[in-house]
Amino acid sequence: MLTAVTGINWGDEGKGRVIDFLAEKADIVVRYQGGNNAGHTVVTKKGKYVLNLLPSGILHPNVVCILGDGMVVDLEHLSKEITQLQNNGISISPDNLKLSSHATISMPWHHVQDELEEDRLAKSNSAFGSTRRGIAYAYSDKYRKKTIRLGDLLHLEETSIQARLKIMLESKNLELAGCYHQEPMSYPALLSWCQKQATLYAPYICDTGSYLESALKDGKNVVLEAQLGAMRDIDYGIFPYTSSSSTISAYGPIGAGIPGERMDHIVGVLKAYSTCVGAGPFVAETAMPESWMESLRKSGGEYGAATGRPRRVGPFDAVASRYGLKCQNADKIALTKLDVLSNMDKIPIIIGYRKDGVIMEQFNPLENLDSYEPVVEYLPGWQKDISNCRDWKQLPDNAKSYITHIEKLLNHEIQFISVGAERNQYLLKGEWL
């Protein structure tokens, strides 16, 4: 079975939580896009883990994890992430971690470019809110054919690879010196860096596409893991405040290295309220006063998994969520962090956007979203701890009403509901996977 787990909103919906749950019955978990510019947080009995590059399945000893074709991989960051997990008793080896030979390498200069450009834009208040980890520059160079892939590390002695490295370096030094007045990097230093990475990662690099094809033919259970959400998709998100890759489920098989495969299920993940990291329009944050948002931020621990930045927060946004659900084409929905709302006496929900007296119920990322104001309605809260609920019948009536109202607004059933951060703090409703 092939299942994708995707974000319906801006990212930060709690996909790591859901993937970790599905990984209990999975054989393979694959990250299919993005880099280390976002993170998944998973809480287990052993502690809290923040994963930027490694799939959430790495916390399960019987799961094979793959960094897929569509990713850009910062190998130095990956090394630190692996070491950190190993120091916490997590076993990582070529047996349970495989790196696609087709995945693009995030080169040493990419995060340097990202930082320099964000600093330049910040002077005129024009920064994009980048994580400064070089993801956009790695993808840009991928499409300019001015970077190398992981498989190239296995052929550094070949003259063709060395020639490409020299051409790449010459071009990059022109950019960094000419635009940002940086000292040039030498070819011997670049080759030495590549050789070091080859020594570390050669045992992990393989044809993961063929590996996945064989696994699916053998009836293995494969989960595809997305980063961020529909609003950050390069094509369908709120451009230019997007990621630099496709976060849409339809890209899953392509980014995983199995473009001819069809998915059996798509799980769309929603939070019980709205959150957003980074710049760009976010109508939900204009719905409530700052005191309300700060209280929610503290209750939900809403700080970026990769950056630690405070997340922008607001009520559940049905307008944006309907659009994200359409983009992801999800047949299953997981709702996370319902427990965070438990102390509210009344809970706001955004049911529309208003401009010049006209209410819009359809989300359009090409509109000037900053010119819209949210239309808010309130539902009664339950003001009761729900973290021990393990069955739909155990939820307070007002919590049930909140969920069923969201289902009505989305015209879609919600099947998975998390009521806490721990692995066992969830309940199922309807037909799950």
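The values are calculated or read from the model by the stated rules, or taken from the named source; none is laboratory data. Every value quoted in this text rests on a predicted model; they were computed, and no experiment measured them. Cβ placement follows ideal geometry from the backbone for every residue including glycine, while neighbour counts extend to all protein chains displayed. What goes into the accessible areas is simple: the full protein's heavy atoms, side chains included, and nothing from ligands, DNA or RNA. Shrake-Rupley method; radii C 1.70, N 1.55, O 1.52, S 1.80 Å.
Within the stretch 2-51, the set of residues being in contact with a helix residue (DSSP H, G or I) (Cβ under 9 Å, 6 or more places away or on another chain), acidic (Asp, Glu) and either without any contact (Cβ under 8 Å) to a residue 12 or more places away in the chain or buried (at least 24 other Cβ atoms within 10 Å of the Cβ) (or both) comprises just one member, 20.
A search for C-beta distances below 8 Å between a residue of the stretch 171-190 that is more than 18 Å from residue 118 (Cα to Cα) and any residue that is open to solvent by 90 Å² or more (accessible area, probe 1.4 Å), counting only pairs 6+ apart in sequence or on different chains, returns 187/166. Test residue 262 against the criterion of being in contact (Cβ under 8 Å) with a residue 24 or more places away in the chain and loosely packed, with under 13 Cβ neighbours inside 10 Å, and give yes or no. For residue 262, the condition - in contact (Cβ under 8 Å) with a residue 24 or more places away in the chain and loosely packed, with under 13 Cβ neighbours inside 10 Å - is met.
The lone criterion from (1) open to solvent by 40 Å² or more (accessible area, probe 1.4 Å); (2) closer than 30 Å to residue 390 by Cβ; (3) in a helix (DSSP H, G or I); (4) in contact (Cβ under 8 Å) with a residue 24 or more places away in the chain left unmet by residue 325 is number (1). Residue-level check: of (1) farther than 16 Å from residue 201 by Cβ; (2) among the hydroxyl-bearing types (Ser, Thr, Tyr); (3) open to solvent by 10 Å² or more (accessible area, probe 1.4 Å); (4) modelled with pLDDT of 95 or more, residue 79 misses just (1). Restricting attention to the stretch 370-396, the residues being open to solvent by 40 Å² or more (accessible area, probe 1.4 Å) and over 30 Å from residue 355 (Cα atoms) number 9.
Among the residues making up the stretch 397-418, those that are touching a residue at least 60 places away in the same chain (Cβ under 8 Å) and open to solvent by less than 50 Å² (accessible area, probe 1.4 Å) are 399, 402, 403, 406, 409, 410, 412, 414, 415, 416, 417, 418.
Tell me whether the stretch 168-175 contains one or more residues that are open to solvent by 50 Å² or more (accessible area, probe 1.4 Å) and among the basic types (Lys, Arg). No: zero hits.
Scanning the stretch 333-351 for residues that are more than 18 Å from the chain's Cα centre (by Cα) and open to solvent by 10 Å² or more (accessible area, probe 1.4 Å) turns up 339, 340, 342, 343, 344, 345, 346, 351. Of the residues making up the stretch 275-322, just one is hydroxyl-bearing (Ser, Thr, Tyr) and assigned to a loop (DSSP other than H, G, I, E, B), namely 307. The residue of the stretch 358-369 that is farthest from residue 334 (Cα to Cα), among those that are open to solvent by 60 Å² or more (accessible area, probe 1.4 Å) and not in a loop (DSSP other than H, G, I, E, B), is 358. On inspection, residue 318 fails the criterion of being under 19 Å from the mean Cα position of the chain (by Cα) and among the aliphatic types (A, V, I, L, M).
Could you tell me whether any residue of the stretch 399-414 is under 21 Å from residue 21 (Cα atoms) and part of a loop (DSSP other than H, G, I, E, B)? Please lay out each step first, then the result.
Just the residues of the stretch 399-414 that are under 21 Å from residue 21 (Cα atoms), to begin with: 403, 413-414.
Checking the rest, the ones that are also part of a loop (DSSP other than H, G, I, E, B) come to 413-414.
Yes, because at least one residue in the stretch 399-414 is under 21 Å from residue 21 (Cα atoms) and part of a loop (DSSP other than H, G, I, E, B).
The residue list 119, 74, 114 contains one member that is buried (at least 18 other Cβ atoms within 10 Å of the Cβ) and free of Cβ contacts under 8 Å to residues at least 24 places away in the same chain, which is 114.
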